[in-house]
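*Asks:* So that we are looking at the same thing, I have put the structure below in structure tokens.
The values are calculated or read from the model by the stated rules, or taken from the named source; none is laboratory data. In this text the structure is predicted, and so the values were computed from the model without any measurement. Methodologically, a virtual Cβ is constructed for each residue, glycine included, from the backbone with ideal geometry; neighbour enumeration extends over all protein chains shown.
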Amino acid sequence: MRKPIRPPTLEDVARASGVSRATASRVLGGTGYASPGARDRVTAAADRLGYVPDPAARALVRGTGVRLATVVCGTSPRVLDDPYVDRFVGAAARVCAPHGVGVTLHWLPTREPGRLRELTEDRGVSGLILLNTTAPVLAAVPGAMRGRVASIGVGSPLVSSFDVDNGGGTAALVRHLYATGRRRIAMVSGPRWLPCAGRSVHAYRQVMHEAGLPSRLVRGDFTAHRGRVAAREILDRWPDTDAIVGVSDATALGVIDRLHRDGAQVPGDVAVTGFDDIPLAAMTTPALTTATHPVAEIAAAAATAVLTGGAVRPPTVFPSRPVRRTSG
């Protein structure tokens with residue numbers, strides 16, 4: 001039985017070109033000095049043998065690591081429990097795995113953005129993806145990381161940004177509610193400290209203003225628990241509310257749960273919409289009217305940008321479309 005043919009290694013290239021492994025590594029990795037003659041012999045040997053550098057080994061040689069760190073900013077570690085984070089990390093891992101790069105998950109306290117530097121100084125980290133990004137977090141990104149950091153949300157001259165058009169998706173949902181006869185529409189927003197959540201609020205206020213209707217806004221935090229609390233607050237402040245726009249599906253499901261407990265009918269008394277179109281949204285009673293959020297596509301684009309490196313690119317915004325079901 002013939003032995004399987006193994007792929008050529010860096011040692012094979014060094015031996016065939018008559019140089020040390022370190023020299024071959026410098027030539028193929030594009031780092032450090034090597035004489036013109038040695039450089040020619042190494043590249044010729046690599047071509048002849050069909051040598052393909054292992055991405056993980058190449059990353060280590062360049063000192064850029066073999067881990068892509070996904071950093072989630074939040075007021076507490078509970079932010080890591082958000083199903084959105086799981087979906088994002090899973091999609092990023094699928095992109096990175098073929099390149100020999102792993103994905104790790106980290107919590108960054110909103111009050112300590114400077115702790116980001118600990119990760120940027122870790123030679124095992126090849127790049128960063130920032131979630132729930134704020135201006136102080138962007139300011140904490142060193143210039144040396146240019147091209148190796150992506151942000152989900154807002155970006156900067158050093159950091160490319162990727163996100164969903166949550167403003168457009170929210171506006172479409174509010175217009176849909178108006179078209180179905182709702183006039184006293186409230187919103188449960190995201191946290192005040194998160195810049196990208198402001199786009200949804202702006203879109204809601206803009207549509208309400210265009211319709212000549214007052215805004216009814218209560219702060220939330222993307223969780224079902226806060227959705228329950230916010231629903232109670234809305235009905236206490238504005239008992240005639242006939243629709244509630246949730247900043248996320250989890251928020252909207254919390255709103256519906258509270259309304260049901262209080263004896264309100266959805267959508268008969270109060271229509272409810274979410275945002276994200278998570279799998280559960282189609283299986284609830286009533287099924288949740290929401291807007292799409294292509295998490296996997298966004299994660300894949302951000303991870304690919306970090307792995308590829310290069311110049312900081314313009315913001316990449318993915319469209320969101322309404323998904324009309326029975327809750328609103």
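*Asks:* Among the numbered criteria (1) closer than 30 Å to A264 by Cβ; (2) out of contact with any Ser or Thr (no Cβ under 7 Å at 6 or more places or on another chain), which single criterion is violated by L288?
*Replies:* Just one mismatch for L288, condition (2).
*Asks:* For C196, all conditions in the list (1) under 21 Å from S320 (Cα atoms); (2) in contact with a Leu (Cβ under 7 Å, 6 or more places away or on another chain) hold save one; what is the number of the exception?
*Replies:* Tallying (1) under 21 Å from S320 (Cα atoms); (2) in contact with a Leu (Cβ under 7 Å, 6 or more places away or on another chain), C196 fails exactly one: (2).
*Asks:* Next question. Please go through region 12-25 and give me each residue that is modelled with pLDDT of 85 or more and charged (D, E, K, R), ordered by number.
*Replies:* D12, R15
*Asks:* Taking region 191-204 only, how many residues are at pLDDT 95 or above and surrounded by fewer than 17 Cβ atoms within 10 Å (Cβ to Cβ)?
*Replies:* Selection size over region 191-204: 1.
*Asks:* Can you go through A305, A271, A287 and tell me which one is under 16 Å from the mean Cα position of the chain (by Cα) and either under 26 Å from P319 (Cβ atoms) or in contact (Cβ under 8 Å) with a residue 24 or more places away in the chain (or both)?
*Replies:* Working: A271 fails: under 16 Å from the mean Cα position of the chain (by Cα); A287 fails: under 16 Å from the mean Cα position of the chain (by Cα).
Sole residue among the options that is under 16 Å from the mean Cα position of the chain (by Cα) and either under 26 Å from P319 (Cβ atoms) or in contact (Cβ under 8 Å) with a residue 24 or more places away in the chain (or both): A305.
*Asks:* Which residues, taken from region 283-292, are of a type outside the set (A, V, I, L, M) and in a loop (DSSP other than H, G, I, E, B)?
*Replies:* If we filter region 283-292 for residues that are of a type outside the set (A, V, I, L, M), which is where we start, we get 284-286, 289-290, 292.
Of everything in region 283-292, those that are of a type outside the set (A, V, I, L, M) and in a loop (DSSP other than H, G, I, E, B) turn out to be T284, T285, P286.
*Asks:* Let me ask you something else. When the residues of region 211-256 are filtered to those that are without any contact (Cβ under 8 Å) to a residue 40 or more places away in the chain and hydrophobic (A, V, I, L, M, F, W, C), which remaining residue is surrounded by the most Cβ atoms within 10 Å (Cβ to Cβ)?
*Replies:* Ranking the candidates gives L253 first.
*Asks:* How many residues are β-branched (V, I, T) and over 25 Å from T273 (Cβ atoms) if we restrict to region 286-328?
*Replies:* First, the residues of region 286-328 that are β-branched (V, I, T): 289-290, 292, 295, 298, 304, 306, 308, 312, 316-317, 323, 326.
Filter again for over 25 Å from T273 (Cβ atoms), leaving 304, 306, 308, 312, 316.
Total satisfying the criteria: 5.
*Asks:* Being within 23 Å of D81 (Cβ to Cβ) and modelled with pLDDT of 95 or more narrows it down to one residue among T290, T241, T273; which is it? Talk me through it step by step, then tell me what you get.
*Replies:* On the way: T241 fails: within 23 Å of D81 (Cβ to Cβ); T273 fails: within 23 Å of D81 (Cβ to Cβ).
Exactly one residue qualifies, and that residue is T290.
*Asks:* Name the single residue, out of those in region 179-190 being at pLDDT 95 or above and not hydrophobic (A, V, I, L, M, F, W, C), that is surrounded by the most Cβ atoms within 10 Å (Cβ to Cβ).
*Replies:* Across region 179-190, the extreme among qualifying residues is S189.
*Asks:* Determine, yes or no, whether A243 is outside the structural domain of P83 (by TED's automatic domain parsing) and more than 27 Å from the chain's Cα centre (by Cα).
*Replies:* On the way: outside the structural domain of P83 (by TED's automatic domain parsing): yes; more than 27 Å from the chain's Cα centre (by Cα): yes.
So A243 passes the test.
*Asks:* Hand me the list of strands (runs of 3 or more DSSP E) wholly inside region 89-177 holding 2 or more residues that are surrounded by fewer than 19 Cβ atoms within 10 Å (Cβ to Cβ).
*Replies:* Numbers: elements: 102-109, 125-131, 149-152, 160-164.
In region 89-177, 102-109 are the strands (runs of 3 or more DSSP E) which contain 2 or more residues that are surrounded by fewer than 19 Cβ atoms within 10 Å (Cβ to Cβ).
*Asks:* A further question follows. Out of L80, L28, L68, report the one residue that is in contact with a helix residue (DSSP H, G or I) (Cβ under 7 Å, 6 or more places away or on another chain) and modelled with pLDDT of 85 or more. Can you show your working first?
*Replies:* Details: L80 fails: in contact with a helix residue (DSSP H, G or I) (Cβ under 7 Å, 6 or more places away or on another chain); L28 fails: modelled with pLDDT of 85 or more.
Residue meeting the stated conditions: L68.
*Asks:* May I ask you to list the residues in region 315-328 that are touching a residue at least 60 places away in the same chain (Cβ under 8 Å) and assigned to a loop (DSSP other than H, G, I, E, B)?
*Replies:* P315, P319, S320, R321, R324, S327, G328
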